[in-house]
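Q: One structure, as structure tokens, below. Some questions next.
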Amino acid sequence: MQDITVSAGKIRKGLLPASLSLLLAAALLSGCGSDTANHGADNAASAAAAASAQPSAESSAAAAQTDETAYPLTVTDELGHELTLEAAPQRIFAPYLEDSLVVLGVKPVAQWANNGQGQAYLQDKLAGVPLLDFNSGLPSPEVVMDLQPDLIVLHNANYAENGVYEQYSKIAPTYVFKQAAGDLDSSVTILGELIGKQEAAAEGLAAYHRKVEEAKAALAPHTDGKKALIIRFNSRGMFLMGGVYGGFVLADQLGIAKSDLVAAENSLELSLELLPQIDADYIFLANDTANSGETFYKELTESALWKSIPAVQAGHVYNVDDRYWLGGGVVAYSNVIDDVLEIIVP
């Protein structure tokens, strides 16, 4: 098997199109960041303490520079909850939506983390934003209250379950997406409308779509009639990924067909017995960053059934960076596109 590992250090120079890179830089310089700097914070307590400080006059002035959103603004989220924003939000808590906030030039009051690690591919743009660990689930209402948010955004419906929405919505207006990563245009546009950054949202999406079209044209001669599949490994096992995260980029953005195994699934647990059914021409392996899935990775790649798969025999199996292949947003998806181009286009 040809084993090619693609990482942020190996992909071609432009992770983002030049226009998008400039847009992100400009947006971050003028964005509505809160004064929550607490370098090195890596748990809920430190995040809450750092975020309890009020925004500086400078950051408040920057936050006030909104687009054409008229406040008070009343909207209905994707689960049917109505919320009203009295003014442009300045202290935003939107765990796992940091990618989209970066495109809008906004720093949240705290960022999603797992075992003390934030989304690595975003850390250069989230300097000073405290980490809030989600390893044991969503933070308690008390922790969120200490962050003093004036807008809470939950990136999928699962986050709102078990009374979380009811508790969070008492703290601040709370908007819930069904699955923000499944419709990038909609989620980025909605975020832009909520926080008064419609122009930044439109520009970021336009630059991203130009990149998608250029990539599709370059890939078409190599991927027409072909299928792709992502296999994810973590401490719980191994899973086939369907139309979310990197799978969304492959199928919905780049037009590479899904494997029949996940044609109607976002995720499917993989067993060795399923291996003969794998019909993908390109297989991407995303092992957990902390290598928590290493046992399952070895079990799969050392099995005789795995070695009999046509894509494996053809050398079309590639290790990729799970930190953005399993992330959602313009920056993550742009990085995935760069990886796919480097892998498939000579």
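The values are calculated or read from the model by the stated rules, or taken from the named source; none is laboratory data. Since the model is a prediction, treat every value here as computed from it, not as a measurement. Counting neighbours? That spans all protein chains shown, and the Cβs are built from the backbone with ideal geometry, glycine included. SASA here: full protein model, heavy atoms, side chains in, ligands and nucleic acids out. Shrake-Rupley method; radii C 1.70, N 1.55, O 1.52, S 1.80 Å.
Q: What distance in nm separates the two pseudo spin-label positions at ASP185 and SER267, each 7 Å out from Cα along the beta-carbon direction?
A: 2.7 nm
Q: Under 5 Å between amide H atoms, partner at least 5 residues away or on a different chain: which partners does LYS178 have, H built in plane at 1.01 Å?
A: GLU78
Q: Just to be sure I understand the curve: with the Debye formula and one point per C-alpha of the stretch 100-194, what is log10 I(q)/I(0) at q = 0.10, 0.18, 0.23, 0.25 Å⁻¹?
A: -0.26, -0.92, -1.54, -1.67
Q: Are there GluC sites (Glu not before Pro) in the stretch 270-346 that DSSP puts in a loop and that have at most 10 other Cβ atoms within 10 Å, and which ones?
A: Sites meeting the loop and neighbour criteria: GLU302.
Q: Using every alpha carbon pair in the stretch 161-239, what percent of pairs falls into each 5 Å bin from 0 up to the bin containing the largest distance?
A: 3, 11, 12, 13, 16, 15, 14, 10, 4, 2, 0
Q: Still on this model: Tally up the carbon and sulfur contribution to the accessible surface of the stretch 198-247 as a whole percent, 1.4 Å probe, everything protein left in place.
A: Reported share for carbon and sulfur atoms: 50 percent.
Q: Now for a different question. Would you grab the residues whose amide H sits under 5 Å from the one on ASN114? Only those 5+ places off in sequence or on another chain, please, with H modelled 1.01 Å from N.
A: Distant-sequence amide H within range of ASN114: PHE134.
Q: Using the Karplus curve 6.51 cos²θ - 1.76 cosθ + 1.60 with θ = phi - 60°, what ³J(HN,Hα) values do you get for each residue of the stretch 217-223, in whole Hz, with x for Gly and Pro?
A: 5, 6, 7, 3, x, 9, 10
Q: Once fully extended, how much extra length lies between ALA127 and ALA87, figured as 0.36 nm per residue of separation less the alpha-carbon to alpha-carbon distance?
A: Value of the extension gain: 11.8 nm.
Q: Still on this structure, please answer the following. GluC sites (Glu not before Pro) within the stretch 131-220: which are DSSP loop residues with at most 14 other Cβ atoms inside 10 Å?
A: Taking the stretch 131-220 and a limit of 14 other Cβ atoms within 10 Å, the loop GluC sites (Glu not before Pro) found are GLU161.
Q: A further question on this structure: Ordered by residue, what ³J(HN,Hα) values in Hz, to whole numbers, does the stretch 262-278 give under the Karplus form 6.51 cos²θ - 1.76 cosθ + 1.60, where θ = phi - 60° and Gly and Pro are x?
A: Listing the rounded values in order: 10, 4, 10, 10, 7, 7, 9, 5, 9, 10, 4, 5, 7, 4, x, 8, 5 Hz.
Q: Find the relative contact order for the stretch 76-234 and round it to a whole percent, using C-alpha pairs within less than 8 Å whose residues are 6+ positions apart.
A: Relative CO of the stretch 76-234 lands at 24 percent.
Q: Something else now. What is the extension gain from SER140 to GLU294, computed as 0.36 nm multiplied by their sequence separation minus the C-alpha to C-alpha distance, in nm to one decimal?
A: Length gained, SER140 through GLU294: 52.3 nm.
Q: How much accessible area per residue does the stretch 163-203 have, in Å², with a 1.4 Å probe?
A: On a per-residue basis, the stretch 163-203 sits at 37 Å².
Q: Can you work out the Karplus-derived ³J(HN,Hα) for every residue in the stretch 108-120? Use 6.51 cos²θ - 1.76 cosθ + 1.60 with θ = phi - 60°, whole Hz, and x for glycine or proline.
A: Listing the rounded values in order: x, 6, 7, 10, 4, 8, 10, 6, x, 10, x, 6, 4 Hz.
Q: Using 7 Å Cα-to-Cβ label points, what is the LYS170/ASN158 separation (nm, one decimal)?
A: 2.6 nm
Q: Put one equal scatterer on each alpha carbon of the stretch 255-346, apply the Debye formula with no solvent term, and list log10 I(q)/I(0) at q = 0.12, 0.13, 0.19 1/Å to two decimals.
A: -0.41, -0.49, -1.10
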